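Just so it is clear, none of the values below were taken in a lab; they were calculated from the coordinates. Just so it is clear, the model here is predicted, and its values are computed rather than measured. FYI the Cβ positions are ideal-geometry reconstructions off the backbone, even for glycines, and counts take in every protein chain you see.
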Amino acid sequence: MDFSCTNLSSWKSALSTYETSLVSLKKPDLISLDAFYRKELPFLIRQREPEAFITQPELRRLLQWKLSRGKWRPRLLDFVSSLSGTLVESASKRAFASLPDLSKAVSELTVLKGVGPATASAVLAAYAPELAPFMSDEALLATLGNAKEYTLKQYLSFADKLQKKAKELSTEEESFTPSDVERALWGSAIASKLSLRHPKDDSNIIPKRSVKRKRKP
């Protein structure tokens, strides 16, 4: 997916590849982890408002989702598994209360061992998808042309671009969030990598040549 594209239909088509790409990766538990991250976790966090927070078991499962969707780094999982529940809850409570200040929110979360800007972005995206997109390798590469720098400065630049793109694509009838933009970029990149075809896109289907049969004499 070309990030400079301004066509809403193209972005919606790219977003529709997300689910297909998840299945095509054939990674154990990824489908259930994604359902937890995108559907169950946001509800659990918001249920705790006005002082929303994430628990240590939820953070651990979120990290499993992140690692399953990207590169597996078991050491990070060990760090997060050893965190105290009280520390995770207090840090996430401060982070959520800091929004819409993304810089402060990320900084509040990265005090936790094993939680860098990318994992912090996943936590914030679960709570505020309309503001904080997850910093995936694929979306970083498509947006900034670099997927090797996982710093707060890089995330803020990335988030700003996705926020602007989401605003550009949103209409009065429907909104397109920064998280939608990230999933569209990720799904499109994975689909391209696995040579999957976008739904309703026949551009890579090669038409069969008609073969003329000779008449029998």
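Restrict the search to the range 118-196; then list the GluC sites (Glu not before Pro) that DSSP places in a loop and that have at most 13 other Cβ atoms within 10 Å of their Cβ. Answer in residue order: GLU149, GLU172, GLU173, GLU174.
For the pair GLU172 and GLU49, the difference between a 0.36 nm per residue extended length and the Cα-Cα distance amounts to 41.5 nm. Put a plus charge on the Cβ of each Lys and Arg, a minus charge on the Cβ of each Asp and Glu, and nothing anywhere else: the dipole of the chain about its Cα centre is then about 1720 debye. With point charges of +1 on the Cβ of Lys and Arg and -1 on the Cβ of Asp and Glu, referenced to the Cα centre of the range 1-110, which listed residue (ILE45, SER32, SER84) lies farthest in the positive direction of the dipole? So the residue we want is SER32. Summarising the label geometry, the points placed 7 Å from Cα in the beta-carbon direction at THR151 and VAL23 lie 4.2 nm from one another.
Annotation for the range 1-55: GluC sites (Glu not before Pro) lying in DSSP loop with at most 16 further Cβ atoms inside 10 Å of their Cβ are GLU51. With contacts taken as Cα pairs under 8 Å and at least 6 residues apart, the chain reaches a relative contact order of 26 percent.
Charges on Cβ only, +1 for Lys and Arg, -1 for Asp and Glu, centred on the Cα centroid of the chain; of TYR150, PRO57, SER103, which one is farthest towards the dipole's positive end? Positive-end residue among those listed: TYR150. Loop-located chymotrypsin sites (Phe, Trp or Tyr not before Pro) across the range 48-112 with a Cβ neighbour count of 13 or fewer within 10 Å are TRP72, with loop assigned by DSSP.
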